[in-house]
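Q: Let me give you the structure first, and then I'll get to my questions.
Just so it is clear, none of the values below were taken in a lab; they were calculated from the coordinates. Here the structure is a predicted model, which is why all the values come from computation and not from measurement. Virtual Cβ from ideal backbone geometry, glycine too; neighbours counted across all protein chains shown.
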Amino acid sequence: MATTTTKGNRTLGLGAAARGFLGYPSPRLLLPVTLVAWSTRLWAMRWGWWDVAIPAIILGLEPFTEWAVHVFVLHFRPRELLGRRIDPLVARKHREHHRDPRKPELIFVPFPVLITSLAVGAVGFWSLLPNGRLALTAIASSYSMLLAYEWTHFLIHSAYLPKSRPYRYIWRAHRLHHYRNEHYWFGVTVHAADHLLRTFPQKEAVPLSPTARTLGVEEAA
């Protein structure tokens, strides 16, 4: 299984990164279910304008989805409610990811959360959309977006160095989130929401945060 760290000046090629990516449970589940979803949709035929509009809507919402999930779910701080500690698995794992950004297992959506998300998404689209064909379009599109998110996030934390300007832009922003200040640069694949919501400052405009690694949460020993 590939590592995401460098050894000396050694960097990772894109092919090696892809092989390493496919060695982890999340992409090994996401890739086949996404292919099955698209294959089933192709088999169902009868395409219409909504089959174009639905992927476009999902893609258009992605910057805001990433921003909201990152701010309100991943950075959720533990709290007491009716005598019980509320600290979701996804938030705990994200804090671990901030403490050790190079650890590959912590880069991905936690597997139980991934399975739940896929199931809820499938049932939700099937229930809300008027027919199975459009539901399949939505399911396949959302699974594709999640797969793209996992791949991008993995690549950013790997030893693969940016070679194109667009990738260098998202690579740098996410690194700043981890190593400069956790209160900014919440996007991963796209940063439109960061720009609109003013969480994409110049590096020098924000201080180096002492809680970038801990997210301000003292973990129990």
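Q: Taking Cα centroids, how far is the stretch 56-123 from the stretch 23-55 in Å?
A: Using only Cα atoms, the two centres lie 23 Å from each other.
Q: Do the sum for the chain: with -39,500 (n - 2.57) for every DSSP H run of n ≥ 4, divided by all residues, what is the mean residue ellipticity at 222 nm, to the nearest 500 deg cm²/dmol?
A: That comes out to -18000 deg cm²/dmol.
Q: Pairs of Cα atoms under 8 Å, at least six residues apart: use those to get the relative contact order of the chain, whole percent.
A: 28 percent
Q: For residue 103 and residue 161 in the same chain, what is the full-extension length gain: residue separation times 0.36 nm, less their Cα-Cα distance, in nm?
A: Net length gain for the segment: 19.2 nm.
Q: Round to the nearest 10 and give me the degree value, 0 to 90, for the angle of helix 25-44's Cα axis relative to the longest principal axis of the chain.
A: The angle comes out at about 20 degrees.
Q: Note the angle between two axes, namely the Cα long axis of helix 89-99 and the longest principal axis of the Cα atoms of the chain, as a number of degrees from 0 to 90, rounded to the nearest 10.
A: Approximately 40 degrees, to the nearest ten.
Q: Additional query: What percent does the relative contact order of the stretch 102-175 come to when contacts are Cα pairs within less than 8 Å and at least six residues apart?
A: This gives 37 percent for the stretch 102-175.
Q: Based on the Cβ-Cβ distance of residue 92 and residue 208, what FRET efficiency does E = 1/(1 + (r/R0)^6) give at R0 = 25 Å, to the nearest 0.05?
A: According to the calculation, E is roughly 0.50.
Q: Between 0 and 90 degrees, rounded to the nearest ten: what's the tilt of helix 165-179 against the longest Cα principal axis of the chain?
A: Between helix and principal axis, roughly 50 degrees.
Q: Further question: Considering only the other residues whose Cβ falls under 13 Å of the Cβ of residue 175, what net charge follows from Lys and Arg at +1 and Asp and Glu at -1?
A: Details: positive: 102, 168, 172, 180, 203; negative: 182.
Within the 13 Å Cβ shell, the charges total +4.
Q: For the chain, what log10 I(q)/I(0) values come out of the Debye formula at q = 0.16 1/Å, with one point per alpha carbon and no solvent?
A: So the normalised log intensities are -1.22.
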